[in-house]
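The values are calculated or read from the model by the stated rules, or taken from the named source; none is laboratory data. Everything quoted here is computed from the prediction, not taken from an experiment. All Cβ positions, even for glycine, are placed from backbone atoms using ideal geometry, and neighbour counts span all protein chains on display.
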Amino acid sequence: MVQEIRVRFAPSPTGPFHIGGARSALFNWLLARKTGGKLILRIEDTDLERSSRESEENIKEALRWLGINWDEGIDVGGPCGPYRQTERLGLYQEYTRRLLADGKAYECFCTEAELEAERQAMFDKGETPRYGGRCARLTEAEREEFRAAGRKPAIRFRVPENRQIVFHDLVRGTVAFDSNGIGDFVIVKSDGIPVYNYAVVLDDALMRITHVIRAEEHLSNTPRQILIYEALGFDKPEFGHISLILGKDRTKMSKRHGATSVEQYRSLGYLPEAIVNFLALLGWSPEGEQELFSVVELIRQFSLERVAKNPAVFDIDKLNWINAHYIRKASPELVLDLALPHLQAAGYVTEHLAAEKREWLVKVVAAVQEYISYAAQVVDHVDVFFNDRFEFESPEAAETLRDPDIPRVMSAFREKLAALPDLEPGGVQAVLKSITKELKVGGKKVYMPVRVALTGRMHGPDLANIIPLIGRERALERIAYSLSKLG
Ligand code: GLU
């Protein structure tokens, strides 16, 4: 029988949910869904000071929004729980006792000041700081003395000397580390809380994880983790470290590059299917040229073999292009819902008005939907629908109304508009066309000046859509207003 693939996403709930974390979650999820395996969601909250329930909630909320569900883990439970590390402390102690009894770990009574002095001395000698092993061979009597002096020990793992730690990384190929560079490291702090490198091994082993797929920044942790697997006689999982995400300037993605958290993109009105599509391409490359993928296609086509070793570059233009595609396919009702907070913030509507004018707002959004990349951008296109007292955007725009033919064009337009039985895009289109015919003037003398007279601008949403939305009365008033401004 082929072994079931069990992968995990194990975030530390210490702040906003970074786009890189979402990518790790997605790759694991795709692997689980593709193979009929299981995704486990574990919360790594042993950094008590920085972890918060609020951040945990944000992570879960963002995963759900992206459509990344988990088969075992917090909230859903499962046979390997609990799934929050702070609820597993008792479990870890059992293994720590075993490592101590076997001499594979030892109590370290060094104070922070002593350790700092040691680090500094090594640093001054040009050496890479590492623990020198002061407590590695204490006698029971010496330990007793420290305890009596009130010192609380940390637990250090005894790193074997002269070992090449070699493993095959599913993304990076063969990776080797020299154990002599590592130095005995702390696995349990003096307050009894295990550190990441230790808890992660116990959890991955006890949760029977078969593939550890995570960010490249954890690559240098892997040799330490492998030593712990070996010391406890656990089977090792496969490891795959996916590349860093860089900004377009090829430095590590950070706030300088714009929004970095899933929440930020969500509130700007990006769609989850676009984020998933985009994240999948951050490091994974499909076989052909295709760039737009539904989730079903991603599940079918995803493979670790095609996850690249070189860094992934976060290209916001590409994300916007992908999102624009999904926005065009979305219902205007949905796009309106996503745009509303932004329309309110910009002062176009109040909450009350938004409910009252919903039908009209949906049509406004439908008229601009094809021009935007994400819902917040609706704001940049709707002034023409709200603002009757606009300025000409440029002297060039005003100039289009000074043509000698304009008075004829405008009066024909006014007349025909007033006579239109139904104000709908088809009728408006026909009116504009009939003016060019009847007055024997080119389209340039009709479409652009009418647009400028109605909006003050030379470009924008389709005129035939704008006019029914502002209505006959406002349209006629706007024309009079524009012409009066010409002076
Ligand atoms: N809690 C770690 C992090 O958020 C998980 C690393 C891992 O996947 O092993 O970076």
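Here Phe386 clears all of (1) touching a residue at least 60 places away in the same chain (Cβ under 8 Å); (2) touching a Phe, Trp or Tyr at 6+ places or on another chain (Cβ under 7 Å) except the condition numbered (1). The single condition among (1) in contact with a Leu (Cβ under 8 Å, 6 or more places away or on another chain); (2) of a type in the set (Lys, Arg); (3) within 30 Å of Leu439 (Cβ to Cβ) that Arg389 does not meet is (1).
For the range 196-247: of the residues being of a type in the set (Phe, Trp, Tyr) and in contact with a strand residue (DSSP E or B) (Cβ under 6 Å, 6 or more places away or on another chain), which is farthest from the ligand (Cβ to nearest atom)? Going through the qualifying residues, I end up with Tyr198. Does Gly460 count as within 25 Å of Asp383 (Cβ to Cβ) and small (Gly, Ala, Ser)? Answer is yes for this residue. Does Gly269 qualify as being surrounded by fewer than 17 Cβ atoms within 10 Å (Cβ to Cβ) and of a type in the set (Gly, Ala, Ser)? Here the answer is no, as Gly269 does not meet what is asked.
When the range 319-338 is filtered for residues that are within 19 Å of the chain's Cα centre (by Cα) and either among the hydrophobic types (A, V, I, L, M, F, W, C) or at pLDDT below 95 (or both), the ones remaining, listed by number, are Leu319, Trp321, Ile322, Ala324, Ile327, Leu338. Restricted to helices (runs of 4 or more DSSP H) entirely inside the range 414-487, those with at least 2 residues that are in contact with a Ser or Thr (Cβ under 6 Å, 6 or more places away or on another chain) are 447-455.
How do the pairs read when you match residues in the range 403-422 that are under 16 Å from Ile467 (Cα atoms) and acidic (Asp, Glu) with residues anywhere that are at pLDDT below 95 and not in a loop (DSSP other than H, G, I, E, B), using Cβ under 9 Å and keeping only pairs 6 or more apart or on different chains? Filtered contacts from the range 403-422: no entries. Does the range 169-187 contain any residue that is closer than 28 Å to Lys38 by Cα, within 12 Å of the ligand (Cβ to nearest atom) and surrounded by 16 or more Cβ atoms within 10 Å (Cβ to Cβ)? No, the range 169-187 contains no residue that is closer than 28 Å to Lys38 by Cα, within 12 Å of the ligand (Cβ to nearest atom) and surrounded by 16 or more Cβ atoms within 10 Å (Cβ to Cβ). Here Glu161 clears all of (1) under 41 Å from the mean Cα position of the chain (by Cα); (2) in a loop (DSSP other than H, G, I, E, B); (3) among the acidic types (Asp, Glu) except the condition numbered (1).
Residues that are closer than 21 Å to Val7 by Cα and of a type in the set (Gly, Ala, Ser) were ranked within the range 277-307; the one that is surrounded by the fewest Cβ atoms within 10 Å (Cβ to Cβ) is Ser285. Pro395: modelled with pLDDT under 95 and not hydrophobic (A, V, I, L, M, F, W, C), yes or no? So Pro395 does not fit the description; no. Remark: Phe146 falls outside the filter, which requires a residue to be within 16 Å of the ligand (Cβ to nearest atom) and surrounded by 17 or more Cβ atoms within 10 Å (Cβ to Cβ). In summary, strands (runs of 3 or more DSSP E) completely within the range 173-233 and bearing 1 or more residues that are at pLDDT 95 or above, touching a Leu at 6+ places or on another chain (Cβ under 9 Å) and over 18 Å from Arg6 (Cα atoms) occur at 173-178, 185-188.
Annotation: of all residues in the range 374-401 being in a loop (DSSP other than H, G, I, E, B) and buried (at least 22 other Cβ atoms within 10 Å of the Cβ), the one that is farthest from the chain's Cα centre (by Cα) is Val382.
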